[in-house]
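The values are calculated or read from the model by the stated rules, or taken from the named source; none is laboratory data. These numbers come from a predicted model, not from an experiment. Using ideal geometry, Cβ is built from the backbone for each residue, glycine included, and neighbour counts are taken over all protein chains shown. These area figures cover heavy atoms from the full protein model, side chains too; ligands, DNA and RNA do not enter into them. Shrake-Rupley method; radii C 1.70, N 1.55, O 1.52, S 1.80 Å.
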Amino acid sequence: MATGTGNLGPPQRSAASRLNWNDPSFRAILYQIIVLGLVALTVWYLVSNLQANLKSRNIATGFGFLGLEAGFGISESLVEYSPASTYGRAVFVGILNTLRVAVIGIILATILGTIIGVLRLSKNWLISKVCSAYVETLRNLPLLLQLFFWYAIITETLPSARQALNPLPGIFLSQRGINFPVPAFGIAFDLILIGVALGLIGAVAFRIWAQKRQDRTGQQSPVLLVAAGLILGMPLLGWLLGGAPTEMSVPELRGFNFRGGASLSPEFAALLIGLIAYTAAFIAEIVRSGILAVTHGQTEAALALGLTRGQTLRLVVLPQALRVIVPPMTSQYLNITKNSSLAVAIGYPDVVSIANTAINQTGQAIEGIALIMAVYLSISLGISLFMNWYNKHIALVER
Amino acid sequence: MKEIRIAAMVAAALAVSAPAFAGATLDAVKQRGFVTCGVSTGVAGFSNPDSAGKWTGIDVDNCRAIAAALFGDAEKVKLVPTTAQQRFTALQSGEVDVLTRNTTQTLQRDTALGFNAAGVNFYDGQGFMVPKKLGVKSAKELAGATVCVQPGTTTELNLADYFRANRMEFKPVVIEKLDEVIAAFFSGRCDVFTTDASQLASVRATRTQNPDDYVILPELISKEPLGPVVRHGDDQWFDVVKWSLIAMIEAEELGITSKNVDEMAKSTNPNIQRFLGVTPGMGKALGVDEKWAYNIVKQVGNYGESFERNLGKSTPIKLERGKNALWTDGGLMYALPIR
Ligand SMILES: N[C@@H](CCC(=O)N[C@@H](CS)C(=O)NCC(=O)O)C(=O)O
């Protein structure tokens, strides 16, 4: 193919032709530069305007307030906190509270949603109809309404602290929440935690080893048994090493409230139940459609090969269903996290509620909003990254 | 999510709005033709909608007085209900021109939040309310109690201070909406509800089924001077708000009421003549009509009338004037000279 035969030859890739207006790739780059410039200009205008306005109104700026004393109380905290702590500490308490409700919510909503999704496919007419009704009702009522409902149920129907229900020794159910005994083990408690961690690592390692062995020799190992042994045995060992203490801290009503033991507050309970019940309805639908997406022929083929029903579900149906289930599940997990910010309506001290109070006491709305956005962005990105990794992990390996 | 939206509004509003210049608020209000006041979402006696949606209360009267001074018409107001949490954002962002909303004046709010306090229309203090059946007689007995409180208030801070100073523990239950926090208290979720004593009296009188089931403990743990608040940056607007309230108090000092104001306009007392605009000068100095104070008294009433009508003996709330009596009667209400 000779050049110079007019239009038929490939375009000349000289510097001159690259700056040619008729070259689409040149135009594309130019447009992008213009758009980027406009965006930068707008951002610059907004930021400088913001600074001018804040200055002219004498509104305090900067994140210095995070080091100041907060001065307000927070009802529940996973770490040490008192009104003498700083705003920074208060926000940290809020982040932990948000993570606490989000993580537990995600786990429990997945379990409940999966059960309901599977049962909705049940051959039993009653069970499948009950599950459909659950999904249709909960999905279509505003979450905020449901939170108020659960909170009212807890605070209106349970007795006062002085008349607390005592269903089991040491466990009290009242408007103060659930108070229950916890082990007061001291150093042994830490050893047990270390044991749990070692047990988990050991179990995973054994599974990987067993898989390799099976690939190599075709021999199966009792993975479940060994894993259970490790996960239960290691903490037990820690407990024994710690001197096998048996002391418990038992809640006891003194004055207005229970002292000792641990408790779950009505606010936490209502928020958690509300988030789980609501999100499980969506997850149920995702699970159902995931299972329906695996053709029945697969199951029949697996059974014909002699796999048991359990093995068929575990080895054939689930791995394929998961590929359909995981991506939409990610957005449900993100929803739980974001919806947990409704907490302020029923008094659970999540990060939004605490940051809002800080905004109000210091007047620094912009910094507060920036903090809230950064926290949610980080959590959401974390969830997305993990789920994307998991999705790749289970993706169909084409041979 | 609404919370985030509201706070995000400030960021947006501050970023987009043109740089503030002197007189911006006053000009905007005049051009718009009505005053936008931030009020509470419903505290009887302060700002509260009746069943027909008409708002009454001393904070509403304060807002109406500003409109009367500025437009000669007390009806030229728009009331924007705000929770304790939302109010400052609403004022910072320009959604309201002024807060007439049981707001305590503090150094922090007067400086870092970018506001100016324009006088006091109610001297208050924070109190505690408990169900009578708990048998509590003093706030000192509240160690370990669970306390219902609204966020974003001085109440929340005083509460923590008080328990700290007295080496007592407490559990706060912090709920944003007044209706919800009161419901939590009435359900028994909290042992105690705390806020400014006047508002406790209001809640007890108007929101309980039987007010006698609840007691307000004797201790007042703080000073809560409540009054109108404007944002920095418009001194003329600040002046109008400040002197509208003073005019209500001055009218009471001078014995001028909505009933006798026309009569009083014929008075030969130079003080009264100046006040009612018979002798011109005051209106011009303030940048409003010479009849500004006349219009306030005629259409809204003096401070004492407003107090009695909204909080006094003839209302369910039945508050004494107490610290809110005129200084001549042993109270703290003291009008700066209008001259
Ligand atoms: N004076 C205190 C508290 C004022 C306050 O907001 N009180 C509450 C409790 S009665 C209130 O007015 N709530 C009404 C509402 O949120 O609409 C302050 O300025 O921080």
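Of note:
- Members of the range B:90-108 that are within 13 Å of the ligand (Cβ to nearest atom) and outside any loop (DSSP other than H, G, I, E, B): B:Ala90, B:Leu91, B:Leu99, B:Thr104, B:Gln108
- Restricting the range A:56-72 to residues that are more than 9 Å from chain B (Cβ to nearest Cβ) and at pLDDT below 90, the residue that is most open to solvent (accessible area, probe 1.4 Å): A:Phe63
- Hits in the range B:62-97 (condition: away from every other protein chain (no Cβ under 14 Å), more than 14 Å from B:Ala28 (Cα to Cα) and open to solvent by less than 10 Å² (accessible area, probe 1.4 Å)): B:Asn62, B:Cys63, B:Ala65, B:Ile66, B:Ala68, B:Ala69, B:Ala74
- Looking only at the range B:103-118, and only at residues there that are closer than 16 Å to B:Lys223 by Cβ and either touching a strand residue (DSSP E or B) at 6+ places or on another chain (Cβ under 9 Å) or aliphatic (A, V, I, L, M) (or both), the one that is nearest to the other protein chains (Cβ to nearest Cβ): B:Arg109
- Verdict on B:Gly301 being out of contact with any His (no Cβ under 8 Å at 6 or more places or on another chain), closer than 13 Å to B:Asn62 by Cα and at pLDDT 95 or above: yes
- Yes/no for B:Lys140 being within 12 Å of another protein chain (Cβ to nearest Cβ), more than 16 Å from the ligand (Cβ to nearest atom) and assigned to a helix (DSSP H, G or I): no
- Residue satisfying all of: in the range B:259-298; in contact with a helix residue (DSSP H, G or I) (Cβ under 8 Å, 6 or more places away or on another chain), assigned to a helix (DSSP H, G or I) and of a type in the set (S, T, N, Q); modelled with the lowest pLDDT among these: B:Asn271
- Residue within the range A:331-353 that is away from every other protein chain (no Cβ under 13 Å) and either touching a Gly at 6+ places or on another chain (Cβ under 6 Å) or open to solvent by 40 Å² or more (accessible area, probe 1.4 Å) (or both) present: yes
- Near pairs, Cβ below 8 angstrom, 6+ apart or cross-chain, from the range B:178-205 (closer than 15 Å to B:Glu320 by Cβ) to any residue that is away from the ligand (no atom under 13 Å from the Cβ) and basic (Lys, Arg): B:Ala201/B:Lys318; B:Ala205/B:Lys318
- Condition check for B:Ala160: in a loop (DSSP other than H, G, I, E, B), of a type in the set (A, V, I, L, M) and away from the ligand (no atom under 13 Å from the Cβ): no
- Selection status of A:Ser77, among the hydroxyl-bearing types (Ser, Thr, Tyr), under 27 Å from B:Glu180 (Cβ atoms) and modelled with pLDDT under 95: yes
- Selected residue [at pLDDT 95 or above and open to solvent by 30 Å² or more (accessible area, probe 1.4 Å)] from A:Leu143, A:Leu119, A:Leu108, A:Leu147: A:Leu108
- Taking the range B:64-89 as the range and being touching a Leu at 6+ places or on another chain (Cβ under 9 Å) and either within 28 Å of A:Ala345 (Cβ to Cβ) or not in a helix (DSSP H, G or I) (or both) as the test, the residues that pass are B:Lys76, B:Thr82, B:Thr83, B:Ala84, B:Arg87, B:Phe88.
- Looking only at the range B:105-121, residues that are touching a Lys or Arg at 6+ places or on another chain (Cβ under 9 Å) and open to solvent by 10 Å² or more (accessible area, probe 1.4 Å) come to 3 in all.
- In the set A:Ser75, A:Ser48, A:Ser82, only one residue is surrounded by fewer than 16 Cβ atoms within 10 Å (Cβ to Cβ), within 30 Å of the chain's Cα centre (by Cα) and within 11 Å of chain B (Cβ to nearest Cβ); that residue is A:Ser82.
- Residue count for the range B:188-215, restricted to those that are more than 18 Å from B:Gln108 (Cβ to Cβ), within 13 Å of the ligand (Cβ to nearest atom) and not hydroxyl-bearing (Ser, Thr, Tyr): 9.
- Test: A:Ile127 is in contact with a Cys (Cβ under 6 Å, 6 or more places away or on another chain) and assigned by TED's automatic domain parsing to the domain that holds A:Pro349: no
Rundown of residues vs (1) farther than 30 Å from B:Leu113 by Cβ; (2) part of a loop (DSSP other than H, G, I, E, B); (3) among the charged types (D, E, K, R), yes/no style:
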site	(1), (2), (3)
A:Phe26	yes, no, no
A:Ile34	yes, no, no
A:Leu38	yes, no, no
A:Leu46	no, no, no
A:Leu50	no, no, no
A:Ile59	no, yes, no
A:Phe72	no, yes, no
A:Glu76	no, yes, yes
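- Test for A:Asn360: is it part of a helix (DSSP H, G or I) and facing chain B (nearest Cβ under 8 Å): yes
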